[in-house]
1. Report the Stokes-Einstein translational diffusion coefficient (µm² s⁻¹, integer) for the range 90-213, Rh taken as the Kirkwood radius over Cα pairs, at 10 °C with viscosity 1.306 mPa s.
2. Which whole-angstrom value gives the distance between the alpha carbon centres of the range 38-63 and the range 91-117?
3. For the chain, find the longest principal axis of its Cα atoms and tell me its angle to the long axis of helix 180-193, 0 to 90°, nearest 10.
4. State, to one decimal in nm², a quarter of the convex hull surface area for the C-alpha atoms of the chain, i.e. the direction-averaged projected area.
5. Leaving ligands, DNA and RNA out of it, report the carbon-plus-sulfur percent of the accessible area of the range 1-101 at a 1.4 Å probe.
6. Taking the solvent-accessible surface of protein heavy atoms with a 1.4 Å probe, what is the per residue accessible area of the range 65-213 in Å²?
7. Under the rule of -39500 (n - 2.57) per DSSP H run of 4 or more residues, summed and divided by the residues of the chain, what mean residue ellipticity at 222 nm is obtained, to the nearest 500 deg cm²/dmol?
8. Take every Cα pair under 8 Å in the range 140-213 that's 6+ residues apart, average their separations, divide by the length, and report that relative contact order as a whole percent.
Amino acid sequence: MKNIKVAIVDDHPMVISGLCNMMENYTEIELSGKYSNGAELLAGLEKELPDVLLLDIQMPGETGIDLAPALAKKYPSMAVIALTNLNSVLYIYNMLKYGVKGYLLKTTTEDNLVKAIKCVHNGEEFIDTELQEKLNDFTSKMRREASLKATLTTREKDILKMIVNGHTTKEISEKLFLGYRTVESYRFNILMKLDANNTATLVRKAIESGLLD
């Protein structure tokens, strides 16, 4: 079986040292490069391209977030795993969007890291189970918000913004040249679509769902 060539970029020497020592225990994994910053990495990749890159996100100079999209575009055959202390779902979501194939915390187990390396090398994605659950919740929320935005008509969105800004039905009617009952009907439809039973709840849901952007 062909060895999996793995490179590491991290600005903490102890992290690199620990990863190097770990890889010595696995004959199927070969360390092909170790770098302390983005500039060193980019220069090294010109000389030898690994199968898998372990990429730290927080580094001086070019960060992992800066590097990820460029690496995915220039080296599509290289699978990138973000190996970081950042467990924010926004980082996970954005790094996957930028082309990384795996996302692991530095607190992960040795077995998990080796499993991740093998998975991404085989063309699969790998995310820690706990992080995957957070990502699933986040993407579900985004889909719900997108659905809400799509179901409100342009007129309903206009009226919603006016309600949030404190305008009464009478004021909305006068400003938009609509009948009082027509505005009341719009208000009712908006309440139903956002599953709100009063104006305060409507305002909160509108803000949370990004409907006022």
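The values are calculated or read from the model by the stated rules, or taken from the named source; none is laboratory data. Every value quoted in this text rests on a predicted model; they were computed, and no experiment measured them. A quick note on method: Cβ atoms are made from the backbone with ideal geometry, for glycine too, and the neighbour counts reach across all protein chains shown. Ligands, DNA and RNA are excluded from the accessible area calculation, which covers all protein heavy atoms including side chains. Shrake-Rupley method; radii C 1.70, N 1.55, O 1.52, S 1.80 Å.
1. Numbers: Rh = 17.5 Å.
Roughly 91 µm²/s, to the nearest whole number.
2. Spelled out, the Cα-based centre of one part sits 16 Å from the other.
3. With rounding to tens, the tilt is 30 degrees.
4. Values: hull surface 60.3 nm².
Mean shadow area of the hull around the Cα atoms is 15.1 nm².
5. Details: 2710 of 5060 Å².
The value for the range 1-101 is 54 percent carbon and sulfur by accessible area.
6. Values: 8590 Å² over 149 residues.
With the other protein chains kept in place, the range 65-213 gives 58 Å² per residue.
7. On the way: 10 runs with 119 residues, N = 213.
Per the formula, -17500 deg cm²/dmol.
8. Numbers: 43 pairs, mean separation 27.0, N = 74.
After rounding, I find 36 percent.
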